[in-house]
Amino acid sequence: HAGNLVLGYLSGVPTVCMQGRLHFYEGHPAWLVTMPIRMMKLIGVETLIVTNASGGLNQDYNSGDIMVIKDHINLTGLTGQHPLVGPNDEKFGPRFPAMTTPYDPELRRLAQETAKELGFSGFMREGVYVKVSGPSYETPSESRLLRKIGADTVGMSTAPEVVVAIHAGMKVLGFSMVTNVVILKQDSDKTPPTHQEVMDTANKRAKDLQLLVKTIVGKLASTLKATESAATPAAAMLHKEKEN
Ligand SMILES: O=P(O)(O)O[C@H]1O[C@H](CO)[C@@H](O)[C@H]1O
């Protein structure tokens with residue numbers, strides 16, 4: 001994980017990009033792992049596009065597939081390592097935020113439409129991500145458990161950041177790249193996962209995911225511009241009324 005914070009423009013939109021993230025398994029508490037999200041909120045970020053590498057629990061998935069996250073299971077949050085534990089800062093959001101629709105349906109639709117236009121349909125999926133603590137990869141029995149509770153991919157990040165973003169009123173789009181297909185059978189002769197495999201697969205597919213994100217941000221930029229020009233006359237009118 002490079003650990004860089006890059007500020008610039010992506011498809012003409014002011015963008016903050018984290019090259020790498022903090023993880024609980026590195027020894028950081030959940031509130032610190034998600035602190036960059038609040039920093040982004042404070043400097044005006046409205047939409048969070050989050051990506052991760054994951055294991056494919058859904059055995060129809062292939063290494064290199066990109067899953068649009070439609071929901072998550074914040075397993076570590078459910079069991080006590082929740083990023084919003086502690087005094088609630090009302091500046092960001094309410095004490096008990098709803099998590100009914102964490103991944104924006106309109107952004108998900110835009111992502112699938114854009115992927116289709118780019119010819120990516122063959123490796124696009126949509127499913128549920130489960131967040132575990134790590135750093136060990138799962139045993140086959142643990143993996144079967146995660147599959148049974150409804151997850152399609154498993155990883156050690158993302159859900160805490162998304163919870164904090166939703167709490168702060170941000171819109172979220174998430175992509176989970178399947179870097180290894182998870183072994184569900186005991187005593188399998190399949191090769192166990194390694195972080196090298198995870199990075200190699202992620203690097204092979206990185207250009208496609210970058211193009212997808214860049215194109216989506218470009219489309220969002222034109223929507224924003226359309227809204228701005230539509231909003232300007234209304235704002236000007238209001239101003240005039242006040243003058244009169
Ligand atoms: O979720 P990201 O950080 O993308 O990476 C995934 O890959 C690493 C394990 O190989 C873990 O960090 C896991 O969470």
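State whether the range 81-202 is rounded, prolate or oblate according to the following rule on the C-alpha gyration tensor (a ≥ b ≥ c being the square roots of its eigenvalues): a/c under 1.5 gives rounded; otherwise a/b larger than b/c gives prolate, and the remaining case gives oblate. It comes out oblate by the Cα gyration axes. One equal scatterer on each Cα of the range 16-62, no solvent, Debye formula: the resulting log10 I(q)/I(0) at q = 0.21 Å⁻¹ is -0.84. Taking amide H as placed 1.01 Å from N in the peptide plane, V50 has its amide H under 5 Å from the amide H of L173, G174, F175, each at least 5 places away in sequence or on another chain.
Computed with a 1.4 Å probe over protein heavy atoms only, the accessible area of L145 comes to about 100 Å². With contacts taken as Cα pairs under 8 Å and at least 6 residues apart, the chain reaches a relative contact order of 31 percent.
Going through the cross-link list K148/K171; K171/K204; K70/K214; K116/K214; K116/K219; K131/K219, which pairs have a Cα-Cα distance over 25 Å in this structure? Walk me through the numbers on the way to the answer.
On the way: K148/K171 29 Å; K171/K204 28 Å; K70/K214 20 Å; K116/K214 15 Å; K116/K219 14 Å; K131/K219 30 Å.
Violating the 25 Å limit, Cα to Cα: K148/K171; K171/K204; K131/K219.
So for H72, H28, what's the accessible-area order with a 1.4 Å probe, most first? Please report the intermediate quantities before stating the final value.
On the way: H72 25, H28 50 Å².
Sorted descending by solvent-accessible area, the residues read H28, H72.
Would the range 58-124 count as rounded, prolate or oblate if I go by the C-alpha gyration tensor, calling it rounded below 1.5 in a/c and otherwise prolate when a/b exceeds b/c, oblate otherwise?
Values: a/c = 3.95, a/b = 1.92, b/c = 2.05.
Verdict is oblate for the range 58-124.
Bridges between two residues of the chain, per DSSP, are antiparallel at a rate of about 35%.
Within a Cβ distance under 12 Å of G77, other residues only, what is the Lys/Arg minus Asp/Glu net charge? If you can, show how the numbers build up before the last one.
Working: positive: K131; negative: E161.
Taking every Cβ under 12 Å from that of G77, the sum is 0.
Summing Lys, Arg as +1 and Asp, Glu as -1, what charge do residues with Cβ under 11 Å from the Cβ of G3 carry, G3 excluded? Every neighbour counted, the sum reads 0.
Relative to one another, the C-alpha centroids of the range 171-209 and the range 31-55 are positioned 22 Å apart. In this structure, the amide hydrogen of V182, modeled 1.01 Å from its nitrogen in the peptide plane, lies closer than 5 angstrom to those of G56, L57, counting only residues at least 5 positions away or on a different chain. Over the chain, accessible surface divided per residue gives 55 Å², non-protein components excluded, 1.4 Å probe. For the chain, carbon and sulfur atoms together expose 58% of the accessible surface, with a 1.4 angstrom probe and every protein chain in place.
Cα gyration tensor of the chain, axes a ≥ b ≥ c as square roots of the eigenvalues: rounded (a/c below 1.5), prolate (a/b > b/c) or oblate? Could the numbers behind the result be given before it?
Working: a/c = 2.20, a/b = 1.56, b/c = 1.41.
In terms of gyration-tensor shape, prolate.
The values are calculated or read from the model by the stated rules, or taken from the named source; none is laboratory data. This structure is a prediction, so every number in the text was calculated from the model and none was measured. Every residue, glycine as well, gets a Cβ built from its backbone with ideal geometry; the counts of neighbours run over all protein chains shown. Remember, those area values only see protein heavy atoms, side chains included, never the ligands or the DNA or RNA. Shrake-Rupley method; radii C 1.70, N 1.55, O 1.52, S 1.80 Å.
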